[in-house]
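Let me begin by presenting the structure, written as structure tokens, before commenting on it.
The values are calculated or read from the model by the stated rules, or taken from the named source; none is laboratory data. If you're wondering where the values come from, they're calculated on a predicted model, not measured in any experiment. Ideal geometry is used to build each Cβ from the backbone, glycine not excepted, and the neighbour counts take in all protein chains shown. What goes into the accessible areas is simple: the full protein's heavy atoms, side chains included, and nothing from ligands, DNA or RNA. Shrake-Rupley method; radii C 1.70, N 1.55, O 1.52, S 1.80 Å.
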Amino acid sequence: MKRTNDSIGLLYEMAVFAAVVEADSFSEAAQVLGISPSSVSRSVQRLEEQLSCRLLERTTRKLRLNEQGQAVYQRCKDMRSAADAVLDVSGQLNPIPQGVLRLSVPKAIGHILIHPLIPAFLRRYPRVDIQMLLEDRYIDLIDDHVDLVIRIATDPPQGMIGRKLLDIEHVICASPDYLAQYEPIEHPRQLREHSCICLGEHPKDRQWMFHQTTQKITVEVSGRYAANHTQVRMDAAKQGLGITSLPYFTVHEAIKNGELIQVLPQWHFLTGYTGGAWLVYPPSRYQPAKIRVFIDYLIENLAQSVQI
């Protein structure tokens, strides 16, 4: 056990010794290492004392490795190469982004917002591969072996780093043909008389909540069709099956081109899916290059994303 402790305690001295040999000078090694020549000399002296042998033959003009020094240097060089390999794995020595990046994203965000950005990212960084998991269930960064997660929340989880990508707002909308059959909808209470397309996963999904200045109201809606998929509810609304709620980023194009009309735009629709889309990852001083560039890329390209 003592031998292990002794070897760990000498790792620094071994690295200094290798630097002296490669620089062929105590003073030049000191410049490379950013320490004083006297510190370099003391480190080499400690290593020689611990090994009970002389490693360098010194003259006023040059250094020369003796036989023992040559053998020790080869092993010290191997040790430093191993350290370089560790840094290379973590991406610190090699700044070129490379490797597999695993990303977990809610289905609608992944399909509509993230997926269209991936081809350009892969072209920009040819050594990075992307594995995107489209999951609406909770994904644990550690247990599920992912590098980054996008979560919908008002704030990032405690103990994690969170970068807000965009705000998530919901709107209610319907097709022009559907709305043409009824009187204009001016208050949420009128929705009780309409066919509403709900999420359908929980009874509370039919309790639609609205906010306007200081007023809040909850309306119990009903309808013949429910679907827990954003694209399906949007398609159902386009086909005139009723009024539905959708994230604005999924429906803004349909509203823009007139396929759907926003209902009650003066009211703010409240849902548990509202908040921010946060890019979440563990805190660390040393992020691999592949993660750093992907984070910057998403923030850059979603900064001008659709907002109400």
Accessible area expressed per residue, the stretch 188-308, with surrounding protein chains retained (probe 1.4 Å, Å²) | 53
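Tell me what the chain gives for mean residue ellipticity at 222 nm when only DSSP H runs of n ≥ 4 count, each as -39,500 (n - 2.57), the sum divided by the residue total, rounded to 500 deg cm²/dmol. List each step's numbers first, then the result.
Working: 10 runs with 111 residues, N = 308.
When only DSSP H runs of four or more count, the value is -11000 deg cm²/dmol.
Taking every DSSP beta bridge that has both residues in the chain, what percent is antiparallel when rounded to the nearest 5? Let's see the in-between values first.
Values: 32 of 45 bridges.
Here the antiparallel bridges make up roughly 70 percent for the chain.
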For the stretch 148-161, Karplus-derived ³J(HN,Hα) couplings (6.51, -1.76, 1.60; θ = phi - 60°; whole Hz; x for glycine and proline) come out as 9, 9, 9, 10, 9, 6, 7, 9, x, x, 5, x, 10, 8
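Show me the helices of the chain, taken as full DSSP H stretches, that run 27 Å or more along their long axis by Cα and average -1.0 or above in Kyte-Doolittle hydropathy.
Details: long enough: 67-90 (36 Å, -0.53).
Taking the DSSP H segments of the chain (at least 27 Å long, mean hydropathy at least -1.0), we get 67-90.
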Contour excess over end-to-end distance, with Cα ends at Arg192 and Asp84 and 0.36 nm allotted per residue = 32.2 nm
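If I take R0 = 41 Å and measure r between the Cβ atoms of Thr154 and Arg123 in this structure, what FRET efficiency does the formula 1/(1 + (r/R0)^6) give, to the nearest 0.05?
Numbers: r = 35 Å, r/R0 = 0.86.
Rounded to the nearest 0.05, the efficiency is 0.70.
Rounded to the nearest 20 Debye, what is the dipole magnitude of the stretch 192-308 about its Cα centre when Lys and Arg each give +1 and Asp and Glu each give -1 at the C-beta?
Taking the Cα centre of the stretch 192-308 as origin, the dipole is about 220 debye.
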Using the Kirkwood radius over Cα pairs, work out the Stokes-Einstein diffusion coefficient for the stretch 122-168 at 20 °C and 1.002 mPa s, in µm²/s as a whole number.
-> 166
Looking at the stretch 16-59, which GluC sites (Glu not before Pro) are DSSP coil and have at most 11 other C-beta atoms within 10 Å of their C-beta?
-> none
Non-local residues with an amide H under 5 Å from the amide H of Glu169, with H modelled 1.01 Å from N and Pro and chain starts lacking one, are Tyr248, Phe249
Can you work out ³J(HN,Hα) from phi for every residue in the stretch 115-131, in order, using Karplus 6.51 cos²θ - 1.76 cosθ + 1.60 and θ = phi - 60°, giving whole Hz and x for Gly and Pro?
-> 3, x, 8, 5, x, 5, 5, 5, 6, 6, 10, x, 9, 9, 10, 10, 10
Under 12 Å from the Cβ of His252, count the other residues' Cβ atoms, weight Lys and Arg +1, Asp and Glu -1, and hand me the total.
-> -2
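Kindly identify the stretch 212-291 as rounded, prolate or oblate by the Cα gyration tensor criterion: order the square roots of the eigenvalues as a ≥ b ≥ c, call it rounded if a/c is under 1.5, otherwise compare a/b with b/c, prolate if a/b is larger, else oblate. Intermediate results must be reported in sequence, preceding the final value.
Values: a/c = 2.37, a/b = 1.74, b/c = 1.36.
Prolate, since a/c reaches 1.5 and a/b exceeds b/c.
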Carbon plus sulfur, as percent of the 1.4 Å-probe accessible area of the chain, comes to 51
Select from Leu141, Phe26, Ala236 the residue farthest towards the positive end of the dipole of the chain; place +1 on Cβ of Lys and Arg, -1 on Cβ of Asp and Glu, and compute about the Cα centre.
-> Phe26
Go through Lys204/Lys256; Lys216/Lys256; Lys164/Lys204; Lys164/Lys290 and tell me which ones have a Cα-Cα distance over 23 Å in this structure.
-> Lys204/Lys256; Lys216/Lys256; Lys164/Lys204
Ranking Gln98, Ala83, Ile185 by how far each Cα lies towards the positive end of the charge dipole of the chain (+1 on Lys and Arg Cβ, -1 on Asp and Glu Cβ), the top one is Ala83
For the chain, what's the relative contact order in percent, using C-alpha pairs closer than 8 Å and at least 6 residues apart?
-> 20
Round to the nearest 0.05 the FRET efficiency obtained for Ser38 and Asp296 when R0 = 41 Å and r is the Cβ-Cβ distance.
-> 0.40
Using a/c under 1.5 as the rounded threshold, could you call the stretch 194-256 rounded, prolate or oblate? The axes a ≥ b ≥ c are square roots of the C-alpha gyration tensor eigenvalues, and prolate needs a/b larger than b/c, oblate otherwise.
-> oblate
Just how large is the dipole of the chain about the Cα centre, in debye to the nearest 20, putting +1 at every Lys and Arg Cβ and -1 at every Asp and Glu Cβ?
-> 780
Evaluate the distance, in nm, between pseudo-label points positioned 7 Å from the Cα of Glu253 and of Ser27 along their respective Cα→Cβ axes.
-> 6.8
Non-local residues with an amide H under 5 Å from the amide H of Arg102, with H modelled 1.01 Å from N and Pro and chain starts lacking one, are Gln131, Asp147, Leu148
